[in-house]
Amino acid sequence: MNPNNKFWWFVAISVSITLIIIASLAVLFWQQLPPEEKSLLLSIIKQNFLYIFSAAFLILAGLGFALDGIFHVYIIPTSKLVEETTLITSVNPSHRITIEGSSNIMRLARIINEGADRYEELQKNVEQRIDLAKAKAEEEKNILAAFMSELPEGVLICNAECRILFYSKQVKYMLMGADNVIPDSESGSDIASFGAGESFIGLGRSIFNIIDKNLVVHALDEIAEKLEHKEADISSNFVVVGKGNKLLRAEAVPILSHLRKFTGFIIIFTDITQQTEADRIVNFMLQSFTKSIRSSLAGIRSSIEAIIEYPDMESAQLQKFREIIHHQCITLGCVLDNISSDYSSHFITQWPLVPILAQNLVESIRSKAEEKLDIIIDMEYSDDQNRVKVDSYSIILGMLCVLNQLRNETANRKFTCNFERKGIFVNFDFIWHGNPIKIETLRKWDHQILILKNEELPLSLKAVLQYHEAEMWSNVCEGERDKSYLRLILPAIETYESEKIRRITILPESRPEFYDFDMFSQPGQIPELDNRPLNELAFTVFDTETTGLDPRGGDKIISVGSIRIVNGRLLHDERFDQFVDPERSLPFESIKIHGIQPEMLKGQPTIDKVLPFFQQFAEDTVLVAHNAAFDMRMLQINEAETGVKFINPVLDTLLLSAVVHPAQQDHNLEALAERLGVSIVGRHTALGDAIATGEIFIKLIPLLAKMGVYTLKDARIASQKTYYSRIKY
Amino acid sequence: MPQTILIVDDEQSIVVPLRFLMEQNGYKVITASSGEEAVDKISKFQPDLILLDIIHPGLDGFEICQIVREKPEWKDTRIIFVSTMVRDADVAKGLAFGADAYITKPFSNSQIMQQVKELLKG
């Protein structure tokens, strides 16, 4: 209850009790008097009523002032003292008591503050030691998490209730596409990135949001059966179609407790799209070639057998058979050529081209040429930062074959090599004294298979060059007519193009937020939300920025920011941050507060597109907001237009603050953040406020527990009792 | 009256030796290089046996086989598939359509003659 209300209740009750006692004494006194004394007393009262009334009034007023003094000097400071001391000992050891009251209470506050200083220092020491002790274990966890994130396979771990405990980046990529699944208005994502049918992947969310329930259930049934029969292979395989029609092989493996009880499962996803396509092509080629060969062989065999069997056949008939055999032999040759070239081109498409520094490529060619061919190459460096994308084995072998031919053709065993960036290519020039190589000669080299001593690649130089989008020619050096060059050009790549280079894994300071193994024992079924402890629930903390403060008067949402809390941790990787086109003007007063300019909202999706997506984001969670009545009203006002109704349970940090700190006057976001030691980054941006609210909410949970508020139901009942719950928008 | 054999194949390198072989063994030979031509010649000449390739222009071998087997008046016509399709599944399918035999390419002349004679001896 508000302290002022408490005071007036206290005054009213005290005065009433005093009046009742006085009145009772007066009645008793009156009844003892004989009639003549009663009439004498009445006449005295009538004569001196003014004095008696004034005396009574002064006594009561004095009593009131005394009570007010006692209340403000002793009682209110004492309750603040209790609240603020609890704050220091629970969530914010840096908080210090600043209250006005009696000298004894002020002294007590100073003593508590001094104690808090020592407590904080002690706690810091303890935390430091704990941090040190944790560091090693944490590092190992991070290595594991980072390793799993960098695996080419996607890894997803669920508990027995099919809720996600861990997912690697690859799973998100394979199933949901690129990182823009969660729209990021700052990066200018467009509404197309969250069209209908999209679902979210996230800790604590159901796996059924992202994979067909039937597939998972079938796999789990199969695993259960295998476990029952104690089979050696207890995994179950199925195929799912991921984002962009990726074909994913999923292997589900159970996680068992030491008692062999099923506690969860791991699904490993492998992208088999390319493999399947490759298999299909090879299969098709094989079938097609086999048919052609069989057909030709049939003609040849049948003709030869006829010739042998009928040696006296007419010469015209014999000639026919000879022609058939000749023709079919040529056909067979063509088929074999096709096999070779088709297979080569198919084989070649399997090569990954890897970025490499031009200098490193030349250095490799130089050292191998010297070692294998006894050819000396003098390097002339130019810009050593250029990169090209190559399959280094084939391109180096190709160049060695060319250098071998070059030596034979020019009778030189010394060449100068320089390389430099020219437009979109990097030119590699091998220079010698003498004439250039003729085009016809180069054409011959182009078609030769790459063979060098014991190394062989069943491909022509031309095929290798084509795959690299490279070209090669020879000409006279400009300005030095006695010299010629053989030039290889390879497309240059910009540094930022090297998207497929594996990044060095830098261990994060704290473990990645999508990594959490503490949820195995989580019960997690929606109908029981009300009775579940707050620290076991999943929350979606959100905030809206609006054109104004009057939802009924036509003010609209212009930004929605949100972040999830799972197992008492804020998941910074699972955010929702979206500007909304309000389809109306933006009042200058509101711009002053949130800083969102009208041009920032141009081209952004309208509320009917954003709310369905936000609803999906918040699915199966409890909504949390500061002053939630306002934000919920803003959402509700769009119900008719969007058809989206938020039926999630709601908690309000403003009300919860009033529950834990009834003696405090201020429950706005800044005051609350300061009290709980939370710093707000990006005040009055939807996401910034949502994150601050989330941090505040996490700190409120233990304070609520100290007051006996453990479950969602407890929190809601306690909220309803507070004064602020009467505010309506 | 010699028995009539229809060879259905679009590859002359197959048709020529087969025709020679059959003629040397006393059979009358007619040929077709497409599905439609084959059906046309079957109804015109009512051959005793068809050497039927599967892949060729127009109706494929399976379809021709099906058409022949659906007509009661052609029920005595023997059919041998002669094909480059060699999977067990292809053989099973060919026989399921009512073919009397299935020979894969390349075949030996003696093998095919033996099969033809066996089917036509009745």
Normalised convex hull volume, the protein assembly as shown, alpha-carbon set, Å³ per residue: 355
Folded to 0 to 90 degrees: helix A:392-410 orientation relative to chain A principal axis, Cα: 30
Euclidean distance of C-alpha centroids, the stretch A:58-126 and the stretch A:358-429, integer Å: 81
Sum of side-chain charges, A:GLN466 neighbourhood, beta-carbon under 13 Å (Lys, Arg +1; Asp, Glu -1): -3
Accessible area of A:TRP432 in the full protein assembly, 1.4 Å probe (Å², nearest 10): 10
FRET efficiency, B:GLN46 to B:ALA92 (Cβ-Cβ, R0 41 Å, nearest 0.05): 0.90
Segment A:PHE147-A:LEU227, length gained on full extension (0.36 nm per residue, minus Cα span): 25.9 nm
Packing-based order for A:471-481, A:604-614, using average beta carbon neighbours within 10 Å, highest first: A:604-614, A:471-481
Average beta carbon contacts from partner chains per residue of B:43-50, 10 Å cutoff: 0
Student exercise, the protein assembly as shown dipole from Lys, Arg, Asp, Glu Cβ charges, in Debye to nearest 20: 1420
Fully extended contour minus Cα-Cα distance, from A:TRP30 to A:LYS438, at 0.36 nm per residue: 132.8 nm
Whether the stretch B:79-122 is rounded, prolate or oblate, judged on the alpha carbon gyration tensor where a/c under 1.5 counts as rounded: oblate
Probe 1.4 Å - accessible area at A:ARG163, Å² to nearest ten: 20
On Cα atoms only, tilt of A:686-706 relative to the major axis of chain A in degrees: 50
Antiparallel %, DSSP beta bridges [both residues in the protein assembly as shown], to 5: 70
Average other protein chain Cβ within 10 Å of Cβ, residues B:77-87: 2
Segment A:GLU363-A:LEU63, length gained on full extension (0.36 nm per residue, minus Cα span): 98.0 nm
Three-way shape label, the stretch B:4-120, alpha-carbon gyration tensor, a/c 1.5: rounded
Virtual spin-label span in nm between A:ASP530 and A:MET379, 7 Å along Cα→Cβ: 7.6
Residue among A:SER103, A:LEU144, A:ILE130 farthest towards the positive dipole end of the stretch A:95-169, charges placed on Cβ: A:SER103
A:ASP378 accessible area, 1.4 Å probe, all protein chains in place, Å² to nearest 10: 80
Average partner coverage of A:285-292, which counts Cβ from other chains inside 10 Å: 2
Charge sum, other residues only, whose C-beta stays under 15 Å from A:LEU28's C-beta, Lys/Arg counted +1 and Asp/Glu -1: 0
Trypsin sites (Lys or Arg not before Pro) within the stretch A:198-278: DSSP coil, no more than 12 neighbouring Cβ in 10 Å: A:LYS230, A:ARG260, A:LYS261
Two-site FRET efficiency, B:LYS28 against A:ASP342, from Cβ-Cβ distance with R₀ of 56 Å, rounded to 0.05: 0.85
The stretch A:268-331: GluC sites (Glu not before Pro) falling in loop per DSSP and having at most 11 other Cβ within 10 Å: A:GLU314
Partner lysines for A:LYS453 [C-alpha distance under 30 Å; skip if fewer than 8 residues away on the same chain]: A:LYS368, A:LYS372, A:LYS389, A:LYS414, A:LYS438, A:LYS444, A:LYS462, A:LYS483
Listed residues A:HIS433, A:HIS72 arranged by accessible area, highest first, probe 1.4 Å: A:HIS433, A:HIS72
A:ASN454 versus B:LYS71: modelled label distance in nm, points set 7 Å from Cα along the beta carbon direction: 6.8
Probe 1.4 Å, all protein chains present, accessible-area order of A:GLU225, A:GLU363, largest first: A:GLU225, A:GLU363
Largest-first ordering by accessible area, 1.4 Å probe, given options A:ILE17, A:ILE76: A:ILE17, A:ILE76
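The values are calculated or read from the model by the stated rules, or taken from the named source; none is laboratory data. Computed from a predicted model, the values in this text were never measured in an experiment. No Cβ is skipped: glycine too gets one built from the backbone with ideal geometry, and neighbour counts run over all protein chains shown. Protein only, heavy atoms only, side chains kept; ligands, DNA and RNA dropped before computing areas. Shrake-Rupley method; radii C 1.70, N 1.55, O 1.52, S 1.80 Å.
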